[in-house]
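Notes to accompany the following structure.
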Amino acid sequence: MTRTLLRGTGSALPGTVVSNHELAARVDTSDEWIVERTGIRQRYIAGEGETTATLATEAARNALADAGMDASEIDLIVLATATPDNTFPATATKVQQALGCNGCIAFDVAAVCSGFLYAIATADSMLKTGMGQKALVIGAETFSRILDWEDRTTCVLFGDGAGAVVLELDADAAAGPDTPGIIATRLHADGAQHDLLYVDGGPSTTQTVGHLRMKGREVFRHAVVNLASVLHEVIDDAGISAEQIDWVVPHQANKRILDATARKLRIPAEKVIVTVDQHANTSAASVPLALDTARRDGRIKAGDLVMLEAMGGGFTWGASLIRM
Ligand code: UT7
């Protein structure tokens, strides 16, 4: 059978770190409130010359180096973002140009915080249906550029960054959860929840970029229910039990969501990768950033069974089980 292998990971962060204390000097908030309610201690914010495309390109280069591959080998670039450099063309084509692999397939996927899961599923399917052998899948965001910096209920929660993985098709893999590669993926969306998390602008409505708006408490409630449900689906599809999972790499929105979801699945907290304290919520970048962080610090190793999961605006949500 065919299976898509994860061959390398990489990430990139902007040069500027902003602490909770610095934010407390700008809006009516405090380090105590932010840490207690979210687990966030700091976030990285893009400066002049840093964009979604520049961060994505750096993450992609790091992932290619990790995989020991040259950009010219890549057949497909799928970039998940809700903060593209321009309305069009796709930011993926700017990354392609910067990497010097013009000619391959390159496009963006818009599923906000679940974007990386949607992008992984898209690339996995395209490789398995003969569209190429090797893919770059990137999650990259500059959410700082769509925040209302006077709204304390949202501006303290987000940060900028990028993460990337290199995928390669294995056309002759053995079936089952012990074989390396992407084992099972499930995606969902529910457009009825639009008003709980959205941006109040866009080219076809206001002709502006707009600002992020969120009813945080309601999003929190839906997140725990939806994530637990999709995780059970993927566990069932893969024919494994939750105890067999070595690591969960969740979307880094709020430490309390991570803890509540893990409790629902009876997965011990030590198996959950947490980077929200350092990076805050980087939307589509958060899962690949956390994955790369945990691979580089030696926690996630070859052969480990890793569950990726995310939930975000739309709503959209999904999970993917990968044997490293
Ligand atoms: O990535 C996409 C998915 N997004 C998420 O998953 C986010 C999900 N939601 C959350 O993470 C949490 O709901 C928040 C962190 C956004 C908020 O935490 P909460 O415990 O749900 O707080 P809350 O919204 O119920 O607000 C509690 C209080 C309110 O004051 P009152 O009405 O009780 O007087 C807020 O006005 O905290 C106040 N508050 C703040 N206080 C200080 C809200 N934001 C702040 C702030 N600093 N930054």
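Every number in this text was worked out from the coordinates using simple rules, so none of it is lab data. Note that the structure is predicted; figures quoted are calculated from it, not measured. Every residue, glycine as well, gets a Cβ built from its backbone with ideal geometry; the counts of neighbours run over all protein chains shown.
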Practice item. Could you work out the Rg to Rh ratio of segment 1-82, with Rh taken as the Kirkwood radius (inverse of the mean 1/r over all Cα pairs)? Key: 1.14
Practice item. Compute from the Cα atoms of segment 102-236 the Rg and the Dmax, the latter being the longest Cα-Cα distance, and quote both in angstrom. Key: 17.9, 54
Point to revise | Spatially proximal aspartates and glutamates relative to residue 128 (Cα-Cα < 16 Å; intrachain offsets below 8 disregarded) | key: 75, 168, 170, 172
Review point. How do 295-308, 30-43, 138-151 rank on mean C-beta neighbours within 10 Å, highest first?
Key: 138-151, 30-43, 295-308
Point to revise | Residues of segment 235-265 with amide N under 20 Å of a point placed 7 Å along Cα→Cβ from residue 37 | key: 252-261
Study note, to complete from the structure: By the Kirkwood definition, with r running over pairs of different Cα atoms, the chain has a hydrodynamic radius in Å of 19.4
**Study point:** Where labels lie 7 Å past Cα in the beta-carbon direction, separation of residue 153 and residue 236 in nm
**Key:** 3.5
Check your understanding: Where does the charge balance sit around residue 220 when Lys and Arg score +1, Asp and Glu -1, over other residues with C-beta under 13 Å from its C-beta?
Key -> +4
Exercise for review: Report the full-extension gain for the segment residue 304 to residue 192: residue separation times 0.36 nm, less the Cα-Cα distance, to one decimal in nm.
Suggested key: 36.6 nm
Point to revise | Ranked packing of 233-246, 72-85, 123-136, most packed first, by mean Cβ within 10 Å | key: 72-85, 123-136, 233-246
Exercise for review: Determine the gain in length on full extension of the stretch residue 19-residue 277; use 0.36 nm per residue of separation and subtract their C-alpha separation, reporting nm with one decimal.
Suggested key: 91.8 nm
Exercise for review: Go through 18, 63, 47 and say which Cα lies farthest out towards the positive end of the charge dipole of segment 1-71; charges sit on Cβ, +1 for Lys and Arg, -1 for Asp and Glu.
Suggested key: 63
Check your understanding: When N is the residue count of segment 152-208, what does its C-alpha Rg come to as a fraction of 2.2 N^0.38 Å?
Key -> 1.90
Study note, to complete from the structure: Along segment 256-265, Karplus-curve 3J(HN,Hα) (6.51, -1.76, 1.60; θ = phi - 60°) to the nearest Hz, with x for Gly and Pro, reads 5, 5, 4, 5, 5, 5, 4, 4, 4, 8
Study note, to complete from the structure: In whole angstrom, the spacing between the Cα centers of segment 1-63 and segment 77-105 equals 20
Check your understanding: In angstroms, what radius of gyration and Dmax does segment 60-116 have, counting Cα atoms only?
Key -> 11.5, 33
Point to revise | Debye, to nearest 20: dipole size of segment 27-184, +1 on Lys, Arg Cβ, -1 on Asp, Glu Cβ | key: 200
Practice item. Report the charge-dipole magnitude of the chain in Debye, nearest 20, computed about the Cα centre from +1 at each Lys and Arg Cβ and -1 at each Asp and Glu Cβ. Key: 400
Check your understanding: Leaving out same-chain residues fewer than 8 places away, which lysines sit with a Cα under 19 Å from that of residue 271?
Key -> 255, 301
Point to revise | Computed over segment 178-246, Kirkwood Rh from alpha-carbon pairs, angstrom | key: 15.0
Review point. With charges set only on the Cβ (+1 for Lys and Arg, -1 for Asp and Glu), what does the dipole of segment 117-257 come to about its Cα centre, in debye to the nearest 20?
Key: 480
Review point. Tell me, 275, 29, 52, 4 in order of fewest to most beta-carbon neighbours within 10 Å?
Key: 29, 275, 4, 52
Exercise for review: Can you put 198, 118, 44 in order of Cβ neighbours within 10 angstrom, beginning with the fewest?
Suggested key: 198, 44, 118
Check your understanding: Tell me, in nm to one decimal, what length is gained between residue 256 and residue 128 on full extension, where the rule is 0.36 nm per residue of separation less the Cα-Cα distance?
Key -> 42.4 nm
Exercise for review: Would you be so kind as to identify which of 314, 149, 258 lies farthest towards the positive end of the dipole of the chain, taking Lys and Arg as +1 and Asp and Glu as -1 on Cβ and the Cα centre as origin?
Suggested key: 258
